[in-house]
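First comes the structure, then the notes that go with it.
The values are calculated or read from the model by the stated rules, or taken from the named source; none is laboratory data. Fair warning: this is a prediction, and the values are worked out from it, not measured in the lab. Methodologically, a virtual Cβ is constructed for each residue, glycine included, from the backbone with ideal geometry; neighbour enumeration extends over all protein chains shown. The area values use the complete protein model at the heavy-atom level, side chains included, leaving out ligands, DNA and RNA. Shrake-Rupley method; radii C 1.70, N 1.55, O 1.52, S 1.80 Å.
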Amino acid sequence: MIKVEGYKAFRGTMLITPKNQSIKPMKMYGDWLYKPDCDCWYGCGSSFSADICEVVEED
């Protein structure tokens, strides 16, 4: 994982587990950027709250 000025970034797979249990968890591959001021991960053209994200694999 790359860290620059408080930001974390990596290329790999993220597991997204929505709080709404009627929506299935999904694995997404891409470039990911974490922004601490928003407590969100950005990747695959969307943003996701950090509390529903889990890094599965880094390239």
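Mind checking which residues of region 1-48 are aliphatic (A, V, I, L, M) and farther than 21 Å from residue 59 by Cβ?
Of the residues in region 1-48, the ones aliphatic (A, V, I, L, M) are 1-2, 4, 9, 14-16, 23, 26, 28, 33.
23, the sole residue that qualifies.
Take region 26-57 and flag every residue that is open to solvent by 80 Å² or more (accessible area, probe 1.4 Å), at negative phi and outside any helix (DSSP H, G or I). Walk me through how you get there before you give the answer.
Let us first name the residues in region 26-57 that are open to solvent by 80 Å² or more (accessible area, probe 1.4 Å), namely 27, 29, 31, 37, 45, 51, 54, 57.
Now narrow it down to the ones that are at negative phi: 27, 29, 31, 37, 51, 54, 57.
Scanning region 26-57 gives 27, 29, 31, 37, 54, 57.
Taking the condition open to solvent by 70 Å² or more (accessible area, probe 1.4 Å), out of contact with any helix residue (DSSP H, G or I) (no Cβ under 7 Å at 6 or more places or on another chain) and among the aliphatic types (A, V, I, L, M), does residue 23 pass? Talk me through it step by step, then tell me what you get.
Numbers: open to solvent by 70 Å² or more (accessible area, probe 1.4 Å): yes; out of contact with any helix residue (DSSP H, G or I) (no Cβ under 7 Å at 6 or more places or on another chain): yes; among the aliphatic types (A, V, I, L, M): yes.
Spelling it out, residue 23 is indeed open to solvent by 70 Å² or more (accessible area, probe 1.4 Å), out of contact with any helix residue (DSSP H, G or I) (no Cβ under 7 Å at 6 or more places or on another chain) and among the aliphatic types (A, V, I, L, M).
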